[in-house]
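Okay, so here's the structure we're looking at.
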Amino acid sequence: MNFGKVALLALASASMVFMASCKDDKVKKAAPTVEVKTAGGEVLKGAAKETDFALVVEAKPAKDLKVTEINYMVTYGTSSSKLAKLSLEKSKTLEAWLGKIERTAIPAEVKEGKIKITAIDSDKNQTIKEIDFNFSGTTPTPNPGETGWNAEKQGAINHATGGKNGAFNLKTGEKVMLASGKPEDRYMMNTSKEKQDFVAGWSSKEVNGLASKPKGNNTAFVKATVDYDKVTVADAETAFKAATASTDVAAVAEGDVYLAQKGTEFYIIKITKVDNDNNSTRKGEKGCIEFSYKAKK
């Protein structure tokens, strides 16, 4: 027997085993981490409510990997939806991929169930996360007619020196001139002073910042904590009576809700924008308050 050849063969075999072993011992990277957040940006805790949608799925892969797919399946009772893939968007601030699960992913008549979410990375690693949803305790947003309000309208008042746009008529939904026009048409008049910065507020009594000191129709306003979308006229009127009304409103901010009364007329107003640079619709100084509002039926 040629012991030299046998030794060489044994050495070659050992090397092959070692190389194979090294290849097999390659460290497998971790699967993606998955977090679910509400539409308001908070981490979901417990069962998702109807008001939490659209849910945002945030999948973060291991270093140098990408998230290639996020899919989900809805189960309820003995039924389940088809597997659906989310449209992915790379986060600009996080090393993560984002996808949204809309409320419409769950049948309208279904109130309780589970959503199974699967995130897959470029190494085919998978993470499965299950969340519950329960809509039984959620108060649905009613239609305006069910709450006693007319259909929603949009309004705006600009800097007091903005000519016809300095005031607003809640009854007709029209912008009103401060330089001319009738006081009874002026429900909301901006209180900015001539050649000065925009003041985010209004008066229904008088604008002292203008030389002409235009007058309004003395509509009464209160700032309220009611839910603009869901409050009924009856509850809004109760809130109005419990507060101290004024013809002057100052320091309004986006999201603020106000109630207004002029005789038998009653309104609910939600501020949607306060813009100190908007002068696109007039020649006067810059500044604008935009709002949505509804009138009592």
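Observations, loosely collected:
- Residue list for region 89-105, filter: of a type outside the set (V, I, T), assigned to a loop (DSSP other than H, G, I, E, B) and surrounded by fewer than 17 Cβ atoms within 10 Å (Cβ to Cβ): S91, K92, L94, E95, E102
- Residues that are of a type in the set (G, A, S), surrounded by 20 or more Cβ atoms within 10 Å (Cβ to Cβ) and assigned to a loop (DSSP other than H, G, I, E, B) within region 210-247 comprise just one, G216.
- Selection of region 149-191 for residues being in a strand (DSSP E or B) and of a type in the set (D, E) yields only E174.
- Beta carbons closer than 9 Å, at least 6 apart along the sequence or on distinct chains, pair a first residue in region 220-249 that is farther than 15 Å from K262 by Cβ and touching a residue at least 12 places away in the same chain (Cβ under 8 Å) with a second that is in a helix (DSSP H, G or I) and of a type in the set (A, V, I, L, M) for A224/A236; A224/A239; T225/A239; V226/A236; V226/A239; V231/A239.
- Criterion violated by V74 - all others in (1) closer than 22 Å to F135 by Cα; (2) of a type outside the set (F, W, Y); (3) in a loop (DSSP other than H, G, I, E, B); (4) at pLDDT 90 or above satisfied: (3)
- Odd one out for S212, checked against (1) modelled with pLDDT under 95; (2) of a type outside the set (A, V, I, L, M); (3) out of contact with any Leu (no Cβ under 9 Å at 6 or more places or on another chain): (3)
- Selection status of T127, over 20 Å from A30 (Cβ atoms) and hydroxyl-bearing (S, T, Y): no
The values are calculated or read from the model by the stated rules, or taken from the named source; none is laboratory data. As the structure is a prediction and not an experimental result, all values here were calculated from the model. Virtual Cβ from ideal backbone geometry, glycine too; neighbours counted across all protein chains shown.
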